[in-house]
Amino acid sequence: MSQAQPSVSILCTGGAGYIGSHTVVALQEAGFRPVILDNFRNSNRVVLDRLERILGSRPLLEEGDVGDAAFVEDVLRRHRPAGVIHFAGDKAVGESVAQPLKYFENNLGGAISLLKAMEAVYLGAGGDKGALVPRFRGDDGGGAGDVAVGPTLVFSSSATVYGDPATVPITEDFPRSHTNPYGHTKLVIEDMLQAVAKAQPAWRIGILRYFNPVGAHPSGLIGEDPSGIPNNLMPYVTQVAVGMRPYLNVFGSDYPTPDGTGVRDYIHVTDLAAGHVAAVRTLLARPENFTVNLGTGRGYTVLEVVRAFEQASGRKVAYQLVDRRPGDVAQCYADPSLAKRLLGWEAKHTLQDMCADAWRWQSANPQGYAG
Ligand code: WQD
């Protein structure tokens with residue numbers, strides 16, 4: 001693939017969040033100019049300072065809500081991004097069950113607002129506007145000159161759209177279902193994107209289904225910073241190791257798995273970030289839309305993660321075996337071969353890397369960014 005020109009901007013909604021901030025690093029290191037759009041409702045402003053320390057320059061920031069279509073349209077017109085990566089949204093499964101309207105309003109509303117703003121700016125909706133078409137030097141073999149690119153969007157989806165899979169590993173053609181409002185919003189947004197692409201073929205859309213992102217940038221300057229009690233396994237483990245919590249509750253030890261605990265496909269967040277760069281490059285170079293799994297293809301049980309973390313950190317992680325968590329599935333891991341074939345991407349980091357990097361982040365930031 002050709003190197004991106006530094007003038008090629010990529011807008012990252014929710015770019016100050018966990019996945020977003022790591023993708024901002026990967027984009028800039030790949031030669032793009034990332035622009036962060038964030039309202040800091042689910043993220044911390046300190047992330048910008050940390051990114052400046054990692055990158056040597058402060059990423060561009062547009063502070064506001066992706067649900068404000070007029071604001072988003074103004075940002076698009078001023079920055080002329082060649083593509084948009086949509087991270088912004090609420091993502092706590094349990095909270096979505098307790099507050100479904102918050103999730104439908106924020107996640108669906110945000111996606112609709114972004115799509116309408118992109119349509120207005122890149123396709124001149126209403127016919128009376130000149131189409132604002134960014135130019136990107138494609139690498140489609142022709143090599144010569146720029147190619148005109150229509151609205152280009154990468155969407156942060158989730159393996160949660162697979163519900164409780166009948167078998168593993170999971171391929172992209174598996175049936176989708178939802179077991180909670182959060183997962184339902186991801187599924188509906190995927191359907192919206194498919195309908196938009198069918199109605200207006202100028203759209204270039206990549207849907208990325210994340211499995212279980214964990215770990216942190218090797219600098220330890222950015223990482224996962226959940227608010228309150230962590231829902232997810234790895235941040236809970238790191239908080240036990242750093243002494244913030246007395247022990248881990250292992251949800252279920254009677255699953256049909258090697259040691260009875262849940263199996264998941266943990267993927268290093270920097271591998272996930274690289275997957276976004278590969279997705280953007282692929283969309284800008286070729287007009288074929290895609291939906292791919294971003295996972296390692298390898299599942300680990302909860303107790304295997306605990307043991308790997310203890311080895312990587314040198315810290316003991318106390319735990320107790322308790323009942324299953326409602327809504328959990330026994331096993332969920334990816335067949336990532338389509339992403340390798342279409343994007344030329346595959347995960348490279350090991351579980352040990354994930355644990356070591358997660359520990360470096362947590363031990364350097366015991367209170368997260370607030371500290
Ligand atoms: C992993 C394993 C738990 C916590 C969720 C969302 C998904 C995505 C990733 C956003 C399971 C066990 C966990 C704990 C435990 N999020 N566990 N004790 O549930 O696979 O996926 O996060 O996109 O949409 O559904 O991840 O980290 O919560 O759980 O034993 O305190 O760890 O039972 O087996 P999950 P998780």
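Name the single residue, out of those in the stretch 243-256 being in a strand (DSSP E or B) and open to solvent by 10 Å² or more (accessible area, probe 1.4 Å), that is nearest to the ligand (Cβ to nearest atom).
Step one: of the stretch 243-256, the residues in a strand (DSSP E or B) are 248-251.
Retained after the next criterion (residues that are open to solvent by 10 Å² or more (accessible area, probe 1.4 Å)): 249, 251.
On the way: Asn249: 5, Phe251: 4 Å.
By that ranking, first place goes to Phe251.
Listed here are the residues, each with its yes/no results for (1) touching a strand residue (DSSP E or B) at 6+ places or on another chain (Cβ under 9 Å); (2) not β-branched (Val, Ile, Thr).
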| site | (1), (2) |
| --- | --- |
| Ser43 | no, yes |
| Val72 | yes, no |
| Val93 | no, no |
| Tyr103 | no, yes |
| Gly110 | yes, yes |
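Out of Ala16, Ala70, Ala111, Ala26, one residue alone is of a type in the set (A, V, I, L, M, F, W, C) and in a loop (DSSP other than H, G, I, E, B). It is Ala16. Being assigned to a helix (DSSP H, G or I), in contact (Cβ under 8 Å) with a residue 40 or more places away in the chain and buried (at least 24 other Cβ atoms within 10 Å of the Cβ) is the requirement here; does Leu11 meet it? When the stated conditions are applied, Leu11 does not pass them. Cys332 passes every criterion in (1) open to solvent by 30 Å² or more (accessible area, probe 1.4 Å); (2) on the phi < 0 side of the Ramachandran plot apart from (1). Does the stretch 84-100 contain at least one residue that is open to solvent by 10 Å² or more (accessible area, probe 1.4 Å), more than 16 Å from the ligand (Cβ to nearest atom), assigned to a helix (DSSP H, G or I) and modelled with pLDDT of 95 or more? Checking the stretch 84-100: not a single residue is open to solvent by 10 Å² or more (accessible area, probe 1.4 Å), more than 16 Å from the ligand (Cβ to nearest atom), assigned to a helix (DSSP H, G or I) and modelled with pLDDT of 95 or more.
Given the conditions (1) within 15 Å of the ligand (Cβ to nearest atom); (2) in contact (Cβ under 8 Å) with a residue 60 or more places away in the chain, report the number of the one that Val161 does not fulfil. Single failed check for Val161: (2).
To keep it simple, each residue is scored yes or no on (1) more than 13 Å from the ligand (Cβ to nearest atom); (2) over 18 Å from Ala339 (Cβ atoms); (3) not in a strand (DSSP E or B).
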site: Ser156; (1), (2), (3): no, no, no
site: Thr179; (1), (2), (3): no, yes, yes
site: Tyr182; (1), (2), (3): no, yes, yes
site: Thr185; (1), (2), (3): no, yes, yes
site: Ile189; (1), (2), (3): no, yes, yes
site: Pro201; (1), (2), (3): yes, yes, yes
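Considering the stretch 211-235 alone, what residues qualify as being out of contact with any helix residue (DSSP H, G or I) (no Cβ under 7 Å at 6 or more places or on another chain), over 14 Å from Arg264 (Cα atoms), within 14 Å of the ligand (Cβ to nearest atom) and open to solvent by 40 Å² or more (accessible area, probe 1.4 Å)? Within the stretch 211-235, Gly228, Ile229 qualify. Which of the residues that make up the stretch 323-371 are touching a helix residue (DSSP H, G or I) at 6+ places or on another chain (Cβ under 7 Å) and assigned to a helix (DSSP H, G or I)? Of everything in the stretch 323-371, those that are touching a helix residue (DSSP H, G or I) at 6+ places or on another chain (Cβ under 7 Å) and assigned to a helix (DSSP H, G or I) turn out to be Ala339, Leu342, Leu343, Leu351, Gln352, Cys355, Ala356, Ala358, Trp359, Gln362, Tyr369.
Taking the residues in the stretch 257-286 that are among the hydroxyl-bearing types (Ser, Thr, Tyr) and part of a helix (DSSP H, G or I) as candidates, determine which candidate is least open to solvent (accessible area, probe 1.4 Å). Result: Thr282.
Among all residues of the stretch 163-174, there is none that is polar (S, T, N, Q), modelled with pLDDT of 95 or more, assigned to a helix (DSSP H, G or I) and closer than 25 Å to Ala339 by Cβ.
Since Thr171 meets every condition but one in (1) more than 13 Å from the ligand (Cβ to nearest atom); (2) in contact with a helix residue (DSSP H, G or I) (Cβ under 6 Å, 6 or more places away or on another chain); (3) of a type in the set (Val, Ile, Thr); (4) farther than 28 Å from Leu101 by Cα, which condition does it not meet? Every condition holds for Thr171 apart from (2). In a residue-by-residue description of the stretch 34-45, the property of being more than 16 Å from the chain's Cα centre (by Cα), surrounded by fewer than 21 Cβ atoms within 10 Å (Cβ to Cβ) and not in a loop (DSSP other than H, G, I, E, B) applies to no position. Of the residues screened, Val240 is not one that is open to solvent by less than 10 Å² (accessible area, probe 1.4 Å) and either at pLDDT below 95 or within 13 Å of the ligand (Cβ to nearest atom) (or both). Remark: pairs (first residue in the stretch 196-217, among the hydroxyl-bearing types (Ser, Thr, Tyr); second residue in a loop (DSSP other than H, G, I, E, B); Cβ separation under 8 Å; 6+ apart in sequence or on different chains) = Tyr210/Gly295. Does the stretch 296-313 contain at least one residue that is closer than 30 Å to Pro81 by Cα and open to solvent by less than 40 Å² (accessible area, probe 1.4 Å)? Checked against the condition, which is being closer than 30 Å to Pro81 by Cα and open to solvent by less than 40 Å² (accessible area, probe 1.4 Å), the stretch 296-313 yields no hits at all. From the list Gly126, Gly143, Gly220, Gly150, the one residue that fits, being outside any helix (DSSP H, G or I), modelled with pLDDT under 95 and either of a type in the set (Ser, Thr, Tyr) or farther than 23 Å from Val66 by Cα (or both), is Gly143.
The values are calculated or read from the model by the stated rules, or taken from the named source; none is laboratory data. It should be emphasised that the depicted structure is a prediction, and the values quoted were computed from it without experimental measurement. FYI the Cβ positions are ideal-geometry reconstructions off the backbone, even for glycines, and counts take in every protein chain you see. Each accessible area value is taken on the protein alone, full model and side chains, heavy atoms only, with ligands, DNA and RNA left out. Shrake-Rupley method; radii C 1.70, N 1.55, O 1.52, S 1.80 Å.
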